[in-house]
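Here's the structure we're looking at; comments come further down.
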Amino acid sequence: MIARIDKYLWSVRLFKTRSQATEACKSGKIIINGKAAKASKEVSIGNIIYVKKDSFNLSFEVIDPIQKRVGAKLIEQYIKDLTPESEYNKLELMKQNFEYRDRGLGRPTKKDRRIISKIKQNND
């Protein structure tokens, strides 16, 4: 079975919508076996797919092409993750630098900002 790359990326849940997958192909963020892929490019077993998402470079191997979206638990039957651990470490670092405020508190006051900056300076 052969599937279009935009349908395949949507089917294995790398993109929320098929139009997002198509747009990623148009902007050159999808590479199959070293070549930029159009949305209509067909994938087959053994193809290596590189996806540039946000500031991360993900890589996958096609195990079995599909055209219909599957549940999250079944994805491992259709795609193999080849992404290096360093890319996932980047994601963890970005999450650690994220500041969280409870909903409804509004913007921090001048006093809150001073406290936050002191905490940041102590952690560095």
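The values are calculated or read from the model by the stated rules, or taken from the named source; none is laboratory data. Remember, it's a predicted structure, so these values are computed and weren't measured experimentally. All Cβ positions, even for glycine, are placed from backbone atoms using ideal geometry, and neighbour counts span all protein chains on display.
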Selected residue (only one of Gly71, Gly46 is on the phi > 0 side of the Ramachandran plot and not hydroxyl-bearing (Ser, Thr, Tyr)): Gly46
Residue within the range 79-93 that is at pLDDT below 90, more than 21 Å from Met1 (Cα to Cα) and in contact with a helix residue (DSSP H, G or I) (Cβ under 9 Å, 6 or more places away or on another chain) present: no
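Could you list all residues from the range 54-73 that are out of contact with any Leu (no Cβ under 8 Å at 6 or more places or on another chain) and not β-branched (Val, Ile, Thr)?
Asp54, Ser55, Asn57, Asp64, Pro65, Gln67, Lys68, Arg69, Gly71, Ala72, Lys73
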Residues being part of a strand (DSSP E or B), aliphatic (A, V, I, L, M) and either in contact with a helix residue (DSSP H, G or I) (Cβ under 6 Å, 6 or more places away or on another chain) or touching a residue at least 60 places away in the same chain (Cβ under 8 Å) (or both) - total across the range 24-64: 2
Residues satisfying the stated conditions in the range 13-23, i.e. surrounded by fewer than 14 Cβ atoms within 10 Å (Cβ to Cβ), part of a loop (DSSP other than H, G, I, E, B) and not charged (D, E, K, R): Thr17
Test set (1) exposed (fewer than 12 other Cβ atoms within 10 Å of the Cβ); (2) farther than 26 Å from Lys7 by Cα - Ile116 fails condition number: (1)
Residue list for the range 65-90, filter: aromatic (Phe, Trp, Tyr) and assigned to a helix (DSSP H, G or I): Tyr88
Flag for Asn123 being at pLDDT below 80 and out of contact with any His (no Cβ under 9 Å at 6 or more places or on another chain): yes
Qualifying positions in the range 24-77 - surrounded by 12 or more Cβ atoms within 10 Å (Cβ to Cβ), among the polar types (S, T, N, Q) and under 15 Å from the mean Cα position of the chain (by Cα): Asn57, Ser59
